[in-house]
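Asks: Here it is: the structure, laid out below.
What follows draws every value from the coordinates through simple rules; no lab data is involved. No experiment lies behind these values; they were computed from the predicted model shown. A quick note on method: Cβ atoms are made from the backbone with ideal geometry, for glycine too, and the neighbour counts reach across all protein chains shown.
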Amino acid sequence: MDLRTLIRDVVDFPKEGIVFKDITTVLQNPEGLKASIDQIQEKLSGVDFDYIIGPESRGFIFGVPVAYNMGKGFLPVRKAGKLPYETKSKEYSLEYGTATIEMHIDAIKPGDKVVIIDDLLATGGTSRAMVELIEELGGEVVKLIYLIELDFLNGRDKLKGYNVEAIIHE
């Protein structure tokens, strides 16, 4: 299935000049949802890892079913103040401002191998912050997988040296 046909562009969201890639149209389509999860999971064939990490909120949508299907744990990365236990945080820049992400300090143990799954690679700010946070906690990022990569924003440049893949390139 060509998932590109299911993605809706929303112009000037969340602010003027931004084109938002709306994946709710993929999620509401049973075949699209299945195809997106299957295609992400296929990118993990032969990859040795312990956990899947997904950022709030769309990383949860794709990461949890893949973790479940592969018998792995899922570790959430959330916006500041959303996790109930002691956290480690990282502030970063994104295409329309700054943000802070957090993980529980005991989510990753030294040597844990993790895969990051998210819906979109844009400028790479969120992903770079996650990589730094994971490595500061002692983990190793073995792969990053996205449903969509906006190639023209060069987010991959912030992830040089890491195994990065996307299902759709725009």
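Asks: Give me a comma-separated list of calculated 3J(HN,Hα) values for the range 57-65, in order, Karplus coefficients 6.51, -1.76, 1.60 applied at θ = phi - 60°, integers in Hz, x for any Gly or Pro.
Replies: Computed from phi, the couplings for the range 57-65 are 10, 6, x, 5, 4, 8, x, 4, x Hz.
Asks: Right, another one. Put +1 on the Cβ of every Lys and Arg and -1 on every Asp and Glu Cβ in the chain; which of GLN28, ASN69, PHE152 then has its Cα farthest towards the positive end of the dipole?
Replies: ASN69
Asks: When the Cα atoms of the chain are enclosed in a convex hull and the volume is divided per residue, what value in Å³ results?
Replies: Values: hull volume 19.1 nm³, N = 170.
Dividing the Cα hull volume of the chain by its residues yields 112 Å³.
Asks: Can you work out the Karplus-derived ³J(HN,Hα) for every residue in the range 155-170? Use 6.51 cos²θ - 1.76 cosθ + 1.60 with θ = phi - 60°, whole Hz, and x for glycine or proline.
Replies: Karplus-based 3J(HN,Hα) across the range 155-170 equals x, 4, 4, 7, 10, 4, x, 10, 7, 10, 9, 9, 7, 10, 10, 10 Hz.
Asks: Output ³J(HN,Hα) for the range 105-114: one whole-Hz value per residue in order, computed from phi by the Karplus curve 6.51 cos²θ - 1.76 cosθ + 1.60 with θ = phi - 60°, and x for Gly and Pro.
Replies: 5, 9, 5, 10, 9, x, x, 4, 9, 10
Asks: Do the alpha carbons of any pairs in LYS21/LYS88; LYS88/LYS143; LYS34/LYS72; LYS72/LYS158; LYS82/LYS158; LYS43/LYS90 sit beyond 23 Å of each other, and which pairs?
Replies: Numbers: LYS21/LYS88 29 Å; LYS88/LYS143 21 Å; LYS34/LYS72 19 Å; LYS72/LYS158 27 Å; LYS82/LYS158 26 Å; LYS43/LYS90 27 Å.
Result: LYS21/LYS88; LYS72/LYS158; LYS82/LYS158; LYS43/LYS90 exceed 23 Å.
Asks: Report the residues of the range 122-163 in range of a label on ASP38: point 7 Å along Cα→C-beta, backbone N strictly under 14 Å from it.
Replies: none
Asks: Then there is this: What percent does the relative contact order of the range 46-169 come to when contacts are Cα pairs within less than 8 Å and at least six residues apart? Please list the in-between numbers first.
Replies: Working: 263 pairs, mean separation 29.3, N = 124.
Reported as a whole number, the value is 24 percent.
Asks: About the Cα centre of the range 46-169, how large is the charge dipole given +1 on each Lys and Arg Cβ and -1 on each Asp and Glu Cβ? Please answer in debye to the nearest 20. Provide the component values of the computation, followed by the final result.
Replies: Numbers: 14 positive and 19 negative charges, 25 e Å.
Its charge dipole is roughly 120 debye.
Asks: Under a 5 Å amide H to amide H cut-off, with H placed in plane at 1.01 Å, what residues pair with LEU120 once short-range neighbours are removed?
Replies: When sequence neighbours closer than 5 places are left aside, the close amide H contacts are LEU147, ILE148.
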